[in-house]
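> My structure is below; once you've seen it, I'll send some questions.
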Amino acid sequence: LGNTSYRTDNIPLAVLNYERALRLSPTDTDIRFNLEMAQSKTIDKITPPSQMFFVTWYESLADLVPVDTWALLVFLLLLLLSGCVFLYFFTDRLWTRRLGFFAGVASLLLVLLVNVLAYEQLSAIHSHSGAVIIAPAVAVRDTPDTAATGGFVLHEGTSVKILDRTIAGWREVRTADGRTGWLLTQQIEEI
């Protein structure tokens with residue numbers, strides 16, 4: 001759908017479908033490239049502020065493999081942990097008991113780390129906080145009122161994050177560069 005929308009020059013729909021595809025397959029570099037190509041054709045060129053290097057590493061590590069691979073890795077690490085527990089409790093040699101203990105502690109820490117990474121990726125997949133602006137140009141307002149002044153203008157194809165859904169007909173959104181405001185719900189399409 002993203003490719004078809006891109007080729008028919010429907011950039012907002014292309015960005016929306018690429019975002020949806022990237023959410024389902026965050027490790028796919030082709031989807032990421034296609035999304036960047038579609039975003040390069042949008043009017044608003046919003047660059048997010050730079051992140052600390054360890055945050056970037058953590059996010060890239062979480063997206064390294066699919067969730068199913070993380071689950072398989074946890075299973076294998078739990079098997080290794082049970083083998084280490086067996087070594088520790090059921091052998092008489094001191095060096096095998098030490099090996100079982102330290103390898104067990106290491107595998108337990110790896111199980112916890114892999115679980116956190118899998119949870120991070122799964123929560124990103126099930127998150128419903130992203131949206132794409134589908135109206136040609138929208139005024140992002142300071143308050144959820146059509147008569148409100150202030151704010152800024154965004155154009156079609158721009159990705160935003162939904163912060164608040166409590167007021168009927170309005171969504172509070174944040175852009176990648178940190179600006180916040182209110183939009184009418186018919187001006188955006190949720191990812």
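> What is region 104-186 by shape, rounded, prolate or oblate, if you read a ≥ b ≥ c off the alpha carbon gyration tensor as root eigenvalues and call it rounded for a/c under 1.5, prolate for a/b larger than b/c, and oblate otherwise?
Taking the square roots of the gyration eigenvalues as a ≥ b ≥ c, region 104-186 is prolate.
> If one puts a single equal scatterer on every Cα of region 58-141 and applies the Debye formula without solvent, what log₁₀ I(q)/I(0) results at q = 0.13, 0.24 Å⁻¹?
For region 58-141, the Cα-only Debye profile gives -0.57, -1.04.
> Any chance you could run the full-extension gain for Ala176 through Asn115? It's 0.36 nm times the residue separation minus the Cα-Cα distance, nm to one decimal.
Details: separation 61, 0.36 × 61 = 21.96 nm, distance 2.77 nm.
Contour length minus Cα-Cα distance gives 19.2 nm.
> Now for a separate question. Please compute the contact order of region 56-163 in relative form: average sequence separation of alpha-carbon pairs under 8 Å and at least six residues apart, divided by the residue count, as a percent.
23 percent
> Counting residues in the chain as N, plug N into 2.2 N^0.38 Å and put the Cα Rg over that result.
Computed over Cα atoms of the chain, the ratio equals 1.41.
> Let me ask you something else. Could you compute the FRET efficiency for Thr4 and Asp145, with r as their C-beta to C-beta distance and R0 at 30 Å, rounded to 0.05?
It comes out at approximately 0.20.
> Sort the following peptides by mean Cβ neighbour count (other Cβ atoms within 10 Å, averaged over residues), highest first: 104-110, 49-55, 87-93. Working shown, then result.
Values: 104-110: 15.4, 49-55: 8.6, 87-93: 11.7.
The peptides rank, most packed first, as 104-110, 87-93, 49-55.
> At what distance in angstrom do the alpha carbon centres of region 83-111 and region 1-60 lie from each other?
Computed from Cα coordinates, the inter-centre distance equals 45 Å.
> With a probe of 1.4 Å, find how much accessible area region 69-118 has per residue, and write the answer as a whole number in Å². Before the final figure, lay out the partial values.
Working: 3530 Å² over 50 residues.
Heavy-atom accessible area per residue stands at 71 Å².
> Count neighbours as other Cβ atoms within 10 Å of each site's Cβ, and list the trypsin sites (Lys or Arg not before Pro) in region 134-191 that are DSSP loop with at most 16 such neighbours. Numbers along the way, then the final one.
On the way: sites: Arg141, Lys161, Arg165, Arg171, Arg174, Arg179; in loops: Arg165, Arg179.
Passing both the DSSP loop test and the Cβ count: Arg165, Arg179.
The values are calculated or read from the model by the stated rules, or taken from the named source; none is laboratory data. Just so we're clear, the structure is a prediction, and the values are computed from it rather than from any experiment. All Cβ positions, glycine included, derive from the backbone under ideal geometry; neighbour counts span all protein chains shown. SASA here: full protein model, heavy atoms, side chains in, ligands and nucleic acids out. Shrake-Rupley method; radii C 1.70, N 1.55, O 1.52, S 1.80 Å.
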